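To start, the structure itself, in structure tokens.
The values are calculated or read from the model by the stated rules, or taken from the named source; none is laboratory data. Given the structure is predicted, the values throughout are model-derived calculations rather than measurements. Reconstructed Cβ throughout: ideal geometry from the backbone, glycine too, with neighbour counts over all protein chains shown.
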Amino acid sequence: MAPGQYFAVVQHPMTNNRFDVIEDRTTTPGTTYVRMRSSVATSGADVFIAEGPGHLQGSNAAEALIRLLDNQNIDDTYMRWIFLIEEPRIEIDPVNTIYTAERFMITGRTNLAAGSDLLVEVVSSAFGHTSKTKPGPFSGASGIAKVIPGDAFSQRFFFEVDPAAFLPDEYTIKVTSLKTDQVATTTITVLEGMPPTKEPPTELPAPITTIPEPETPTPEPEPEESPLIYATIAALLAVVLFFAWRRG
């Protein structure tokens, strides 16, 4: 079947134990009609062409079949669903720089069925750059990875590699389906030794927050009473007494 969207209809004959919507391949050579059992027409509401000149395609054919099965004179029942057929697909997850002192995992996704076998190859670029007369050093790895169930959209695969014997170089990862010949590739860089340790970030001391002490308000000095006021009052009092004495 070609990749694409497909409509499936499962028909059951129900109580009369016979299909009341049938296909007819004999009326016209090279043409397949789908019609009600009681009809012999080659056109109209009770029939449609499934194969041959003028045939309905895809969802139109599925809807025409369902319309016949929904007829009140038909006791057949049915179930329908839609499914997709895709091209085989393999995707390799990104791989960071690899160091020979640490094992690493090749992971990825595929739409191949769970249980399928994938050939995983890790090949040094030096493999293709040497001559027969002067073979150069070569390192790599290969093995079989099983496809395991994933999520609703794809399955998963895993393949662990020990690069202890790898020479520092650029490597090609190649994943091949043994059933469909579908291939995916990516490249990685392998360096010698251990990955550099990351220095922990220097923590700055927390700033010390100084809470200022509340200022005590300075009381304002009370104004001193001037002696001039008392002298003025005494003078006025003397004047009043003098005038009072004169009158007396």
Selection status of I106, assigned by TED's automatic domain parsing to the domain that holds V175 and in a strand (DSSP E or B): yes
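Conditions tested, residue by residue: (1) in a strand (DSSP E or B); (2) surrounded by 12 or more Cβ atoms within 10 Å (Cβ to Cβ).
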| position | (1), (2) |
| --- | --- |
| T27 | no, yes |
| G44 | no, no |
| F48 | yes, yes |
| R67 | no, yes |
| E102 | no, yes |
What are the residues in segment 169-182 that are more than 21 Å from N96 (Cα to Cα) and aliphatic (A, V, I, L, M), if any? L178
Just to be sure before I move on: is R80 outside any loop (DSSP other than H, G, I, E, B), of a type outside the set (D, E) and under 30 Å from T15 (Cβ atoms) in the structure I sent? yes
Of the residues T180, T187, T197, which single one is farther than 28 Å from D117 by Cβ and surrounded by fewer than 16 Cβ atoms within 10 Å (Cβ to Cβ)? T197
Name the residue, out of L118, L69, that is assigned by TED's automatic domain parsing to the domain that holds I49, hydrophobic (A, V, I, L, M, F, W, C) and at pLDDT 90 or above. L69
Members of segment 146-168 found to be more than 30 Å from A101 (Cβ to Cβ), modelled with pLDDT under 95 and exposed (fewer than 11 other Cβ atoms within 10 Å of the Cβ), listed by number: D151, A152, F153
Test result for G30, among the small types (G, A, S) and closer than 30 Å to G150 by Cα: no
What about T107, is it of a type in the set (S, T, N, Q), closer than 28 Å to N17 by Cα and touching a strand residue (DSSP E or B) at 6+ places or on another chain (Cβ under 7 Å)? no
